[in-house]
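A quick write-up on the structure given underneath.
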Ligand SMILES: NC(=O)c1ccc[n+]([C@@H]2O[C@H](COP(=O)([O-])OP(=O)(O)OC[C@H]3O[C@@H](n4cnc5c(N)ncnc54)[C@H](OP(=O)(O)O)[C@@H]3O)[C@@H](O)[C@H]2O)c1
């Protein structure tokens, strides 16, 4: 058994972490923290928790969390995680940070996209980007895992086989993503208010979403060269789920069969990526409340276009499920433990 804590446990991803960790056979939850000094009822936050779970939320104390945990999940807003991550890391703990604070290697780039000075630049080099399908070997040895963003997960998994196999052009990639409202976290805002979201559908942060630099960094690794992409995120009037539609162009002389094979071969032994049979495409409901990323591919001899559609649950494969997948890899547990 290992002891795991969740810092920022009352947020959307924190609550999902609690649900997964309570059923994980190799984990005992040691601390769940909040900024609140008033008592917060976990039973009210997660009515589905088993009876007599014995868990409570406590005001965050570094000394307490660090002394009673092997693994610490940080489910804090970006910019708020870096100092806590640093302290937990220096205390020798395995830190899995769900925020963006350690996803981007260059502090300057982080500061441009997040509008906040990075106070723990010295740790950026130690952090491993926690996309298991790409960096499993590094995750196994890392003390600081930067869990990817939700859009980033759906985009990178939809592009990795195509770029690594060098079968598509890299200068005309277009990504059209749609997310449910929980992607923005629980804080209230005008954009995510019911009357703005209900019966509505709109693009936002057109070609300037903050996940762009982390996606570009991994795309460059997959392609072996710098790759840029056009990225338009949209807000869907649903609570959870991301669907990314990715438009690519085949290189000259590449068959549709080869494209499809690149995906099936890349993911055949991946526990959480399912490539759909030809002619079928995923929907957000297919993966809701699961850690799966489902991918459908359209490629045909009559066109030089390739269309990849990937679907995830933003709170699971896009956040807390992937974070536990990373914990499993890091701690030597079966990768799908507690997740299926
Ligand atoms: N939502 C998603 O789909 C998703 C996907 C991938 C990654 N992420 C990332 O995961 C992290 C957590 O996301 P989330 O959606 O769970 O966020 P959230 O619902 O807004 O929850 C964040 C929690 O952090 C705590 N907190 C501590 N300091 C805070 C501060 N200064 N301001 C606001 N809250 C503070 C709050 O708990 P108390 O009020 O109890 O202290 C809050 O419940 C974020 O960095 C986010 O970008 C989210």
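The values are calculated or read from the model by the stated rules, or taken from the named source; none is laboratory data. The shown structure was predicted, so the numbers you read here are calculated from the model rather than taken from an experiment. For neighbour counting, all protein chains shown are included, and Cβ atoms are generated from backbone atoms with ideal geometry for every residue, glycine included.
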Residue tally, condition within 17 Å of residue 98 (Cβ to Cβ) and under 23 Å from the mean Cα position of the chain (by Cα), over region 1-49: 25
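Each row is one residue, and each column tells you yes or no for (1) within 16 Å of the ligand (Cβ to nearest atom); (2) within 30 Å of residue 329 (Cα to Cα); (3) buried (at least 18 other Cβ atoms within 10 Å of the Cβ); (4) free of Cβ contacts under 8 Å to residues at least 12 places away in the same chain.
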position: 206; (1), (2), (3), (4): no, no, no, no
position: 214; (1), (2), (3), (4): yes, yes, yes, no
position: 240; (1), (2), (3), (4): yes, yes, yes, no
position: 243; (1), (2), (3), (4): yes, yes, yes, no
position: 251; (1), (2), (3), (4): no, no, no, no
position: 265; (1), (2), (3), (4): no, yes, no, no
position: 269; (1), (2), (3), (4): no, yes, no, yes
position: 275; (1), (2), (3), (4): no, yes, yes, no
Enumeration of residues in region 185-204 that are within 10 Å of residue 235 (Cα to Cα) and touching a residue at least 40 places away in the same chain (Cβ under 8 Å): 191, 192, 197
Of all residues making up region 307-335, the number that are under 26 Å from residue 278 (Cα atoms) and surrounded by fewer than 24 Cβ atoms within 10 Å (Cβ to Cβ): 2
Residue check, residue 96 assigned to a helix (DSSP H, G or I), in contact with a helix residue (DSSP H, G or I) (Cβ under 9 Å, 6 or more places away or on another chain) and within 14 Å of the ligand (Cβ to nearest atom): no
Breaking point among (1) within 26 Å of residue 8 (Cα to Cα); (2) modelled with pLDDT of 95 or more; (3) in contact with a helix residue (DSSP H, G or I) (Cβ under 6 Å, 6 or more places away or on another chain), for residue 192: (2)
Residue satisfying all of: in region 23-33; surrounded by 19 or more Cβ atoms within 10 Å (Cβ to Cβ) and without any contact (Cβ under 8 Å) to a residue 40 or more places away in the chain; farthest from the ligand (Cβ to nearest atom) among these: 30
Counted residues, region 99-117 - those being part of a loop (DSSP other than H, G, I, E, B) and either more than 16 Å from the ligand (Cβ to nearest atom) or out of contact with any strand residue (DSSP E or B) (no Cβ under 7 Å at 6 or more places or on another chain) (or both): 8
Matching residues, region 311-340, being away from the ligand (no atom under 15 Å from the Cβ) and farther than 18 Å from residue 75 by Cβ: 329, 331, 332, 333, 334, 335, 336, 337, 340
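For (1) assigned by TED's automatic domain parsing to the domain that holds residue 308; (2) within 30 Å of residue 255 (Cβ to Cβ); (3) surrounded by fewer than 16 Cβ atoms within 10 Å (Cβ to Cβ), each residue gets a yes or a no:
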residue: 116; (1), (2), (3): no, no, yes
residue: 119; (1), (2), (3): no, no, yes
residue: 122; (1), (2), (3): no, no, yes
residue: 131; (1), (2), (3): no, yes, no
residue: 163; (1), (2), (3): yes, yes, no
residue: 166; (1), (2), (3): yes, yes, yes
residue: 175; (1), (2), (3): yes, yes, no
residue: 184; (1), (2), (3): yes, no, no
Matching residues in region 77-93 - criterion: being within 18 Å of the chain's Cα centre (by Cα) and either crowded, with 24+ Cβ neighbours inside 10 Å or away from the ligand (no atom under 11 Å from the Cβ) (or both): 81, 82, 85
Residue list for region 277-295, restricted to those being surrounded by 23 or more Cβ atoms within 10 Å (Cβ to Cβ) and over 20 Å from residue 20 (Cα atoms): 294, 295
Region 118-159, subset part of a helix (DSSP H, G or I) and without any contact (Cβ under 8 Å) to a residue 24 or more places away in the chain, residue farthest from the ligand (Cβ to nearest atom): 137
Exclusive hit being exposed (fewer than 11 other Cβ atoms within 10 Å of the Cβ) and over 20 Å from residue 81 (Cβ atoms), set 51, 56: 51
Region 30-89: number of residues that are part of a loop (DSSP other than H, G, I, E, B) and under 30 Å from residue 112 (Cβ atoms): 9
The listed residue being away from the ligand (no atom under 16 Å from the Cβ) and modelled with pLDDT under 95, out of 172, 255, 202: 172
